[in-house]
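What follows is calculated from the coordinates using simple rules that are stated; it is not laboratory data. Just so we're clear, the structure is a prediction, and the values are computed from it rather than from any experiment. Note: ideal-geometry Cβ built from the backbone for every residue, glycine included; neighbour counts use all protein chains shown.
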């Protein structure tokens, strides 16, 4: 059985995420999504208010100041993906279970009962 | 599915904010059991993949689109508690940096896609797994069923929140019927993507898929035993 190494799998997942966010998403449907369609159909779309983040550099998945729409969405997508990667990975690395290295941490993990 | 500012009134948004904070606090405790040196890096990548997947709107007909929510997908890949944190990270980045989903609606969106999407996706997945034989090949189909139901559940809970705290006076049945009919089609897309991604990762590294562990137990032992046999054969 040919198993991918953990690093290769990680690289494959990261590469697909960056390709989807940075390149493929340009071809995503720009129609309203299910919720927005329902809001239009049933009549509560008008109650939407502008987000306080609507002037941000990547608001609406478009990069401020970049004219080319493909590049604008690509840069916003990659930037957002990078933010999620950094915040998510940092959080998960901090809260992960660590192998008990000394009697103290072993005792505390036993007393927690998990 | 991202709820913008203004759809729900302030008390409802505050209430979902409290639910979201409580859910994330529980998830921070629960995720410790799911994450170790091997799985923590995967979890960060799964969150990134969900962010990317949510950008990829697919057409569902009549000028409407849908996109992956990713709750069931993340739960099956890295475990339900970690998945809640994955989705919450994605939704926070989307609301603050992409203006996708309102800032006052962060709690609502974490509740809908993080807690309901992940929770229902995982529970349905676990339920389907419990009635099917423990075979690795059945993990992805079970994940797909969880994915479909998770989208419908999130759509139903949005309708419930709208009935309680919607800012426009629209009949609840009207919203419910429209939400469920569109999200049935979107849910089928969610099921397809979830099934394909889960089966791809299982083909590469089944041992790194949280939801495949029960089906892996027996196999790992068999693999080890056959490796021992090979070694024994070589030494003699």
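The table below gives the values:
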| read-out | value |
| --- | --- |
| Solution diffusion estimate, µm²/s, Stokes-Einstein, segment A:36-106, Kirkwood Rh from C-alpha pairs, 20 °C, viscosity 1.002 mPa s | 133 µm²/s |
| Chain B - percent relative contact order, Cα under 8 Å, separation 6 or more | 25 percent |
| Taking only Cα atoms of segment B:77-190, radius of gyration then Dmax in Å | 15.4, 49 |
| With 10 Å bins from 0: P(r) over chain B, alpha-carbon pairs, percent | 8, 31, 34, 16, 6, 3, 1, 0, 0 |
| Whole-Å semi-axes of the ellipsoid equivalent to the protein assembly as shown (Cα gyration tensor, √5λ, descending) | 36, 22, 21 |
| Ranked list, fewest to most other Cβ atoms within 10 Å of each Cβ, for A:61, B:210 | B:210, A:61 |
